[in-house]
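Handing you this structure, nothing more for now.
Only the coordinates and a few stated rules stand behind these numbers; no lab work does. Quick caveat: nothing in here was measured; it's all calculated off a predicted structure. Here the Cβ positions follow ideal geometry from the backbone for every residue, glycine too, while neighbour counts run over all protein chains shown.
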């Protein structure tokens, strides 16, 4: 990735995000991000094993209600962004049922940016406005940078600065693929197994991933691992 061109406001949001201890205490960061993007609401949802989403950030009641409705109905820009791995800018009439249900919410424009790396999807950043119309190129760029930074936070990586420094550890991606094959599950489910094991063992996600890649650790269906090397038949 080349140098990231972001606004001064988003650079400050990234600095705040870097200092924050996690998603739960991030109200100030989320509110500052929404103001920087020039939108009325902002939500961040993390993917769960059931391929639904767990709402982690919500700066506006209408945005939260929109998020809840689209995942209840199983349609909308958020689910499409997670499934497709590309940003989704709402087009009127694209989701008829959702449009009918959200008519009174005041969400006239919704823009969703996937959080993930490669085929791994960890969640979605959604920004909501009460007025119709597109985002500017600068706003889209800022939102993409924020989604990228939040992906790093979700995966236990670091938040990038304006220099575009590497954010995600390739070893996490590789370990996720290995767990997916070993346990015969989807990549998002495999990533959740890795994260659960890292959390329960009190170890960084990258350390757990390195042990999986080095075949010093194999996880079971509950996210546990015995730490023993894999049998030769599994090393091919």
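Expected output is a single nm value to one decimal: the length gained when fully extending between residue 185 and residue 55, i.e. 0.36 nm times separation in residues minus the C-alpha distance. What is it?
Full extension from residue 185 to residue 55 adds 44.5 nm.
Extension gain residue 220-residue 83, at 0.36 nm per residue separation less the Cα-Cα distance, in nm?
46.7 nm
Debye sum, Cα scatterers, the range 8-154, no solvent: what log₁₀ I/I(0) at q = 0.22 1/Å?
-1.55
Given a Förster radius of 41 Å and the C-beta distance between residue 119 and residue 12 as r, what FRET efficiency does 1/(1 + (r/R0)^6) yield to the nearest 0.05?
Numbers: r = 32 Å, r/R0 = 0.78.
It comes out at approximately 0.80.
At a Förster radius of 22 Å, what calculated FRET efficiency corresponds to the Cβ-Cβ distance of residue 130 and residue 31, to the nearest 0.05?
Working: r = 16 Å, r/R0 = 0.74.
After rounding to 0.05, the efficiency reads 0.85.
Now for a different question. Treating the range 57-105 as a set of equal point scatterers at the Cα positions, no solvent, please give the Debye-formula log₁₀ I(q)/I(0) at q = 0.18, 0.22, 0.31 Å⁻¹.
-0.54, -0.81, -1.30
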